[in-house]
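The structure appears right after this line, and notes come after that.
What follows is calculated from the coordinates using simple rules that are stated; it is not laboratory data. Computed from a predicted structure; not experimentally measured. Cβ coordinates were reconstructed from backbone atoms using ideal geometry, including for glycine residues, and neighbour counts include every protein chain displayed.
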């Protein structure tokens with residue numbers, strides 16, 4: 001069975017991705033309403049934005065604030081629609097004029113820091129107003145990114161507790177009850193990824209645990225140009241996954257997918273197998289650098305240590321939909337180093353991988 005991992009990208013996934021390309025080409029120019037089952041609007045292709053939307057919070061003012069600022073980049077791409085950008089900034093200003101509505105979702109002990117962030121955000125939005133008058137596109141994008149980073153901190157401060165109980169049957173596996181930031185030093189340069197335990201606690205916990213063990217240090221990447229992926233995590237030797245030194249057994253990780261609108265993930269079944277063809281994962285394959293688990297073909301619960309970065313251009317797929325969503329677990333996104341990821345080839349190496357933030361969220365396996 002495990003030999004299937006070795007040929008993972010040269011069989012089923014390759015076919016799926018090639019079909020995705022074909023579907024993307026065929027449906028270019030279709031409106032969302034002309035293709036039943038596709039969500040309206042454009043797919044979100046920014047990993048940082050997807051991570052913000054994946055946070056388990058329900059504060060509508062801060063979501064509207066986030067949306068108004070994220071829309072600026074859409075308008076700049078669409079022939080620089082300065083009027084629409086001005087309206088986005090005006091909406092952000094109106095929301096910030098009522099900070100109490102945002103602070104209502106922040107625990108009392110965190111509110112002083114949250115107030116400081118809101119003040120900084122408000123100042124940044126005011127500067128954006130001035131930049132729009134000069135139509136300085138590059139500076140607008142740079143300042144907008146800084147503001148959205150502050151909004152990320154503000155939204156993270158609203159999370160009061162881990163939102164669900166992981167099934168007891170997975171208590172023997174590491175779990176990430178929150179998020180962690182991983183720095184990868186490669187032979188071509190540095191990458192930074194954020195892994196999301198709110199959406200995939202078992203998968204993210206497994207990865208963070210392996211990073212802490214130094215498992216990925218020195219491992220090579222493999223890449224298939226046809227399938228637009230970059231994979232690593234195959235250890236040296238005959239094994240194809242992580243062998244737990246305490247048990248001497250292959251550590252298997254279940255397929256784990258949190259669907260939009262649900263409070264906890266589904267385990268051990270693809271959305272297709274469950275007949276949930278129209279459901280969308282909270283963490284989709286719509287961003288360059290989506291980080292996901294490889295697994296043996298036909299074994300949804302056979303993943304272990306092999307991971308892959310999604311390199312496919314999402315603009316070639318129908319909006320918000322590709323044929324990988326619901327079949328494999330996405331558990332994080334590249335947040336820094338896009339140009340480095342694009343250069344990595346088969347044979348390049350991970351020189352080191354380190355947890356730089358969020359290690360306190362890792363929960364060790366519980367003995368049976």
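The share of Cα pairs per 10 Å bin across the stretch 57-156, counted from zero up to the longest distance, runs 16, 52, 25, 7, 0 percent.
Give me the mean projected area, in nm² to one decimal, of the convex hull enclosing the Cα positions of the stretch 132-277. Intermediate results must be reported in sequence, preceding the final value.
Numbers: hull surface 54.8 nm².
The directionally averaged projection comes out at 13.7 nm².
Put in order of Cβ neighbour count within 10 Å, fewest first, the listed residues 187, 123, 199 become 123, 187, 199. Shown for 158, 293: other C-beta atoms within 10 Å of each C-beta, ranked fewest to most, produce the order 158, 293. Label sites at residue 97 and residue 110, each approximated as a point 7 angstrom past Cα along Cα to Cβ, lie 2.8 nm apart. Summary of the geometry: the stretch 140-183 and the stretch 230-246, compared by the centres of their Cα atoms, lie 27 Å apart.
Peptides 115-122, 357-364, 190-197, ordered by how many other C-beta atoms sit within 10 Å of their residues on average, highest first, read 190-197, 115-122, 357-364. For 243, 257, 236, 151, the sequence from fewest to most other C-beta atoms within 10 Å is 236, 243, 151, 257. On the basis of the beta-carbon distance and an R0 of 30 Å, residue 263 and residue 213 show a calculated FRET efficiency of 0.45. Relative contact order of the stretch 71-139, taken over Cα pairs closer than 8 Å and 6 or more residues apart, is 35 percent. The label point for residue 250 and the one for residue 145, both projected 7 Å from the Cα toward the Cβ, are 4.2 nm apart.
Viscosity 1.306 mPa s, temperature 10 °C: Stokes-Einstein D of the stretch 213-351 from its Kirkwood Cα radius, in µm² per second? Mind dumping the intermediate values first?
On the way: Rh = 16.0 Å.
Roughly 99 µm²/s, to the nearest whole number.
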